[in-house]
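Step one of this worksheet: look at the structure below.
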Amino acid sequence: MTRCQALLSLLALLPTAALSQIVTQPSSITIPKGTPLPVRIGDHLPMKVGEQVRAELIYPVYVGEQLVLPARTVVTGTVVSLSPDRTRRIHARLRADFTPFHIPVVRFDHILLANGASVPLTTGTATDGAPIYRLVAPPPRKGSFASKQFAVLEQGIKDRVAVITGPDKGDRFTQFLLSQLPYHSERIAKATAWTVETAAPVAVPESAAAAAPIAQGTSAPQMNEPTRTWIVQAYLASPISSASSKAGQAISATVAEPILNPDGSVAVPVGSVMTGSITQARPARSFGRVGTLRFSFRDLTLPGEDPIAVQVALTGADSATGGDMVMNSEGEVAPKPQDKVVVPLILLALARGPLRRNGHHELGRDAVASNSLGLIGFIVGTAAQQPFLAAGIGYYGAAVSIYERIFRSGKQVAFARDTRIVLQTTARRSAAMKSTPLAVNAAPTRP
């Protein structure tokens with residue numbers, strides 16, 4: 001009997017179902033365990049256990065040079081528990097807000113592909129949800145010290161105007177009114193984002209991954225051949241903070257998207273590692289002195305290669321408190337300067353109003369002064385018709401504002417593990433970097 005005849009005889013003995021499974025079994029691409037998945041919700045959600053969470057990937061996911069999950073791929077999960085937000089509760093109590101603020105604990109369990117298929121997903125729980133902002137380093141400012149300070153003041157005015165005139169201004173006004181109540185419902189705010197890691201490998205059908213286009217709005221790999229400059233998208237491998245990090249502390253980041261040569265070959269593959277150190281870390285201190293943080297990278301290591309010395313500039317970074325943070329042209333990150341004088345002075349002037357009487361009761365001055373403590377202060381200060389009580393409530397509100405703006409410790413600068421950063425990288429040596437061909441199941445996207 002020939003070898004071919006023996007093979008046919010063996011296949012004939014297999015059950016029909018098993019044979020069909022062998023023939024039709026689709027191939028898949030495996031997303032490795034530990035791959036970061038940054039996701040963001042598109043609408044407000046109730047703050048309650050069991051609430052279904054529908055989020056979208058903020059950035060695409062690659063395995064090697066293969067795009068597996070494009071940006072905006074839907075990921076679903078559930079709020080599994082609620083943790084008390086003690087810091088927020090304390091500061092709310094000072095303003096007579098007795099809402100039991102919570103932090104949602106979320107776990108994601110499925111990925112919905114573009115072709116409608118659902119892929120099971122296992123992740124750890126996520127508790128650090130917050131709207132994500134992209135900090136971008138501005139070009140170096142030129143001019144005198146006075147002109148630079150004027151530019152900072154002008155930008156601050158624009159930011160305040162944007163709060164009133166920007167998108168969703170109606171919702172912000174509604175939330176402001178609710179914040180005046182002594183108790184109000186909670187919600188998970190629109191655009192809240194989490195970065196979770198896969199707790200087990202995820203198998204995605206190769207046909208679905210191959211057909212997935214690169215989503216609009218994602219950063220395409222760039223390379224400038226004469227200067228060998230790359231724009232590198234990477235994830236921090238460990239958390240860093242102005243409160244706990246020290247100058248000289250080693251840090252690393254893992255490349256999240258492949259960078260291609262002009263001929264289409266891979267110049268910097270996914271899984272390459274950038275290494276560097278903290279260059280400056282100053283913790284926040286009392287009297288509103290904010291923390292600062294600066295870090296840099298100096299080496300790029302491709303899988304299986306020796307480290308390459310590089311010159312790196314931090315050009316962008318995601319931040320959960322990005323609305324309150326700024327990055328300068330040198331890559332230093334610090335909280336935005338806060339107005340520490342104007343608001344307390346206004347509250348002090350309003351608190352004095354009830355004491356300025358012309359022999360008769362003035363309801364308006366009592367209401368304005370006592371409103372610094374929200375609805376409770378407004379009711380008590382106006383119903384009692386006692387000028388000293390209304391003024392006392394007003395002075396209390398002014399004292400809380402002075403404490404939070406002047407005496408309280410300033411804000412820290414912190415970046416969580418798997419924070420997405422953008423680095424402009426240039427090789428220091430004259431030799432060109434090697435192009436490295438990759439298989440589909442190459443090194444994982446692991447910070």
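The values are calculated or read from the model by the stated rules, or taken from the named source; none is laboratory data. Owing to the predicted nature of the structure, the values given are computational and were not obtained by experimental measurement. Because the Cβ atoms are built from the backbone with ideal geometry, glycine has one as well, and the counts that use them run over all protein chains shown. Side chains are part of the model used for accessible areas, which takes the heavy atoms of the whole protein and leaves out ligands, DNA and RNA. Shrake-Rupley method; radii C 1.70, N 1.55, O 1.52, S 1.80 Å.
Observations
- Residue check, VAL119 at pLDDT 85 or above and either closer than 24 Å to ILE421 by Cα or not in a loop (DSSP other than H, G, I, E, B) (or both): yes
- Taking first residues from the range 286-299 that are over 16 Å from SER245 (Cα atoms) and of a type in the set (D, E, K, R) and partners that are modelled with pLDDT of 85 or more and part of a loop (DSSP other than H, G, I, E, B), the Cβ contacts under 7 Å between residues at least 6 apart in sequence or on separate chains come to ASP299/PRO307.
- Residues being touching a strand residue (DSSP E or B) at 6+ places or on another chain (Cβ under 6 Å) and open to solvent by 20 Å² or more (accessible area, probe 1.4 Å) - total across the range 278-308: 11
- Condition broken by ALA191, with the remaining ones in (1) at pLDDT below 90; (2) open to solvent by 70 Å² or more (accessible area, probe 1.4 Å) satisfied: (2)
- Any hit, the range 322-343, residues being under 26 Å from TYR395 (Cβ atoms), charged (D, E, K, R) and in contact (Cβ under 8 Å) with a residue 12 or more places away in the chain: yes
- Unique match (being within 33 Å of the chain's Cα centre (by Cα) and open to solvent by less than 40 Å² (accessible area, probe 1.4 Å)) among ALA390, ALA398: ALA398
- Test: residue in the range 97-105 that is out of contact with any Pro (no Cβ under 7 Å at 6 or more places or on another chain), assigned to a strand (DSSP E or B) and open to solvent by 70 Å² or more (accessible area, probe 1.4 Å): no
- When the range 239-259 is filtered for residues that are closer than 21 Å to ALA313 by Cβ and assigned to a strand (DSSP E or B), the ones remaining, listed by number, are ILE240, ALA250, ILE251, SER252, ALA253, THR254, VAL255, ILE259.
- Contacts under 7 angstrom Cβ, first residue in the range 169-186 being within 15 Å of ARG95 (Cα to Cα), partner open to solvent by 50 Å² or more (accessible area, probe 1.4 Å), 6 or more apart: GLN180/LEU375; LEU181/LEU375; PRO182/PHE98; PRO182/LEU375; PRO182/ILE376; TYR183/PHE98; HIS184/LEU178
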